[in-house]
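The values are calculated or read from the model by the stated rules, or taken from the named source; none is laboratory data. The structure presented is a predicted model; accordingly, all values stated were derived computationally and were not measured. Using ideal geometry, Cβ is built from the backbone for each residue, glycine included, and neighbour counts are taken over all protein chains shown. What goes into the accessible areas is simple: the full protein's heavy atoms, side chains included, and nothing from ligands, DNA or RNA. Shrake-Rupley method; radii C 1.70, N 1.55, O 1.52, S 1.80 Å.
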Amino acid sequence: MAGSKGQDDESDEDDRQPLHARLRTTTKGKDGPGKQRPWSSVTSTKKNTGRHGEEKSDRQISVILSDTDVLDCPICFEPLRLQVFQCKNGHIACASCCTKMANKCSNCSLQIGFVRCRAIEKVVESVTISCPNAYYGCKETMLYSKKLDHENACIYVPCSCPHPACDYVGLPPVLYTHFVGNHSDYSMLFDFDSPIPISSLDKSHNQIFLLERNECIIFVLNNTTNSLGSLVNVVRMGRASEKRRSSYRLISRDGESTIKLDSVADNMPRWSPCGLVKKFLLVPNEFIGSSGRFKLEVIIRRPRVLV
């Protein structure tokens with residue numbers, strides 16, 4: 001179809017453009033700030049060198065990226081960092097992907113991983129960006145190649161509300177206040193290291209929200225079912241890089257037998273009901289009454305750095 005072919009041709013033409021053709025710059029001059037388009041903005045620092053090699057004052061330019069993926073590896077989609085390689089046709093890939101692809105370009109099947117792309121390396125090592133969590137208080141700037149390292153360690157990573165009908169996002173202490181103010185009817189208060197008796201848990205009840213009253217931390221007791229029974233575990237709403245972790249114990253009894261699980265709660269900054277069950281207590285159907293309910297005791301311990 002003509003329309004489809006035109007779009008493909010335009011896309012191929014964009015892919016063949018060199019990097020500088022896909023960058024736009026704006027500078028402040030006599031006429032004020034340059035006209036910016038709604039593209040991603042980064043800053044590049046350039047050192048000016050005098051005639052005899054002495055360094056003069058740094059000069060910064062504001063760069064607008066019309067393609068926000070131009071500084072990411074086209075294979076793994078992570079920010080490019082040294083070393084970056086190219087094949088003879090100019091396709092690029094990070095060093096890790098070159099190894100995974102057995103030094104065979106994914107676009108044209110030519111060899112890749114032996115010739116460095118110095119131009120791209122120079123760009124990614126000179127571009128600085130603000131932290132994606134600037135809205136939540138982070139004032140850090142970093143090289144684009146260090147973006148993932150910073151994001152994994154940033155203390156301003158927001159958390160999403162675990163209530164399935166809520167889309168609120170905020171820092172953990174603010175999220176706790178939000179949850180108490182808006183979803184208290186769906187939660188239980190508890191103290192660390194003290195048993196939390198859940199006398200009647202319905203196997204169809206997917207979550208119970210547990211709010212620690214002193215350190216203001218939200219935990220979620222997850223309950224999913226399969227043909228064998230109920231799968232139960234505990235997660236904590238918090239940034240994944242948090243070094244302090246909470247261990248917990250789950251105990252279920254049927255009057256004659258007792259089963260238990262000792263584990264450590266995973267930290268989850270973004271709530272998602274999918275993929276929660278990694279380590280869990282299986283409460284077999286024999287423990288679940290005809291009403292579909294069973295008894296559970298939960299003990300969540302105070303967070304500490306685990307070794």
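Sorted by accessible area (1.4 Å probe), largest first, how do Arg302, Arg118 line up?
Arg118, Arg302
Report the normalised scattering of the stretch 79-204 as log10 I(q)/I(0) at q = 0.09 Å⁻¹, calculated by the Debye formula with identical scatterers on the alpha carbons.
-0.53
State to the nearest 20 debye the size of the charge dipole of the stretch 65-175 about its Cα centre, where the only charges are +1 on K and R beta carbons and -1 on D and E beta carbons.
It works out to roughly 500 debye.
Under the √(5λ) rule applied to the eigenvalues of the Cα gyration tensor, what semi-axes describe the equivalent ellipsoid of the stretch 196-237? Give them in Å, descending.
Equivalent ellipsoid of the stretch 196-237: 22, 11, 7 Å, largest first.
Give the ranking of His163, His205 by solvent-accessible surface, highest area first, calculated with a 1.4 Å probe.
His205, His163
Can you list residues whose amide H is under 5 Å from Leu110's amide H, if they're 5+ apart or on another chain and H is modeled 1.01 Å from N?
It is Cys105, by chain and number.
What spacing in nm lies between the two simple spin-label points modelled at Asp202 and Ser130, each 7 Å away from Cα in the Cβ direction?
4.7 nm
Counting only protein heavy atoms and a 1.4 Å probe, tell me what percentage of the stretch 92-194's accessible area is made up of carbon and sulfur.
Here carbon and sulfur together make up 54 percent of the probe-accessible area.
Just grab the label-to-label distance for Asp191 and Arg116, each label 7 Å out from Cα along the Cβ direction, in nm (one decimal).
With each label point 7 Å from Cα toward Cβ, the separation is 6.1 nm.
Which ³J(HN,Hα) values, rounded to whole Hz and listed in residue order, are derived for the stretch 64-77 from phi using the Karplus coefficients 6.51, -1.76 and 1.60 in 6.51 cos²θ - 1.76 cosθ + 1.60 with θ = phi - 60°, glycine and proline given as x?
So the J values, rounded to whole Hz, are 9, 8, 6, 10, 5, 9, 5, 9, 10, 5, x, 9, 9, 6.
Taking a temperature of 25 °C and a viscosity of 0.890 mPa s, what whole-number D in µm²/s does Stokes-Einstein yield for the stretch 133-268 with Rh from Kirkwood over alpha carbon pairs?
Rounded, D is 146 µm²/s.
Just the accessible area for Phe287, please: 1.4 Å probe, Å², rounded to the nearest 10?
Here the residue's solvent-accessible area equals roughly 30 Å².
If you put +1 on each Lys and Arg Cβ and -1 on each Asp and Glu Cβ, how big is the dipole of the stretch 152-307 around its Cα centre, in Debye rounded to 20?
480 debye
Share of Cα-Cα pairs in the stretch 168-227 beyond 16 Å, in percent?
Here the long-distance tail beyond 16 Å is 48 percent of all Cα pairs in the stretch 168-227.
Write down the accessible area per residue of the stretch 173-307 in Å², having rolled a 1.4 Å probe over the full set of protein chains.
Ligands and nucleic acids excluded, the figure is 53 Å² per residue.
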